[in-house]
Amino acid sequence: MPLYLLFRVSSVLLCVLIASQSRHLNSWIFFVYAVTFAHFAVSLIYSRRQVAQAFKQPYGLVPLLSIALITVALYFGQVSLLYYFALHHAFNEAFILSGTLPSENEDVKAFRGSAVLVHLFLYFFILRGQAGFTLSPWSPIYPLVAGRTGGNRYLLSYLLAGGFAASYAVFFFYLYRVRRFLTRRTLIENCGGEIVGLFIAVVSLSVTFSYLHVVLYHVVSWTFYPIPKLRAQGARQLAAYLGLTIVSVAGFLLVSPLGLFSSRYAVMIFQKQFIMWTYIHITASFVLSNAHPDWIVNLFRGKRYPAVAAPVSAPTG
């Protein structure tokens, strides 16, 4: 099995194992929070080069200040993380392997755009039961979506299923268009995750998924991605990365409500910190991560480096 597809499948299976072993809801929630905090910390440490590039750009402070203001507005405006994370996750899943195809080709651009749509619709489809996606009965389109009885109140359920199917049709159409650039390995790498997504969508018909399931998958998969490149750089670099990751997870578990601080006040603080730093991380990723369209990368850092080929940027998801 191609390596990056193996990472995706392993991430899904590991998340299933962790979720199945979580006996209490709070234990599950705070474990995911702690692992995500560790991801934030490791991402920041491995993003020093991207930060330097951003500050070296002419008028670089203008987009950086804009990003800071946007983050503040999103946080205090209480924009739902369910939707903001959806965009972050879809970009990352679609562009993490952008280095395997020529990014300037128009068919490749369309292929990557279709992958963004696939992951957006997949995300909304498997989380259609999440409370944040419920359509209000007072919405003018509620009768159209819910029907006369209002039996199905979830966000645009029928239109969502149609968009899900259409996005996959467009994705495979453009996959066929870019076939001339693909070897057997890169073909599997560039559509394997989406095929796995189809199986997850089918499973979601009988299993309820939550936002935190996707967050954990996202964090675990981004933990795996830099390993091959770091290994190629030497055992010391790989050991340093793995050690930092383990220490970070252990440290945040220690200071979480699962560790030293279990009071109700500490629980509230930990949750609020998770929300705030998630806004900051997602917004900062537009500046620091290569797993985005060229125009976003070029806006902040001037020159695109292939996402797969850049080990120091790989944890920034």
- Hey, does region 98-120 have a residue that's hydroxyl-bearing (Ser, Thr, Tyr) and either over 26 Å from residue 296 (Cβ atoms) or modelled with pLDDT of 95 or more (or both)? yes
- Task: Select the helices (runs of 4 or more DSSP H) contained entirely in region 166-268, then report the ones holding at least 3 residues which are small (Gly, Ala, Ser) and farther than 23 Å from residue 43 by Cβ.
- Result: 184-203
- Message: I'm told residue 298 meets every condition in (1) polar (S, T, N, Q); (2) part of a helix (DSSP H, G or I); (3) under 20 Å from the mean Cα position of the chain (by Cα) except one. Can you identify the failing condition by its number?
- Response: (3)
- Confirm whether residue 8 is charged (D, E, K, R) and either closer than 19 Å to residue 244 by Cβ or at pLDDT below 85 (or both). no
- Note on the structure: Of the residues in region 22-47, those that are part of a helix (DSSP H, G or I) and under 14 Å from residue 213 (Cβ atoms) number 8
- Message: For region 188-200: of the residues being buried (at least 17 other Cβ atoms within 10 Å of the Cβ) and of a type outside the set (Val, Ile, Thr), which is nearest to residue 124 (Cα to Cα)?
- Response: 197
- Message: Looking at 80, 22, can you tell me which residue is under 30 Å from residue 261 (Cα atoms), within 19 Å of the chain's Cα centre (by Cα), surrounded by fewer than 17 Cβ atoms within 10 Å (Cβ to Cβ) and of a type in the set (Gly, Ala, Ser)?
- Response: 80
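The values are calculated or read from the model by the stated rules, or taken from the named source; none is laboratory data. In this text the structure is predicted, and so the values were computed from the model without any measurement. Heads up, the Cβs are rebuilt from the backbone with ideal geometry, glycines too, and the neighbour counts pull from every protein chain shown.
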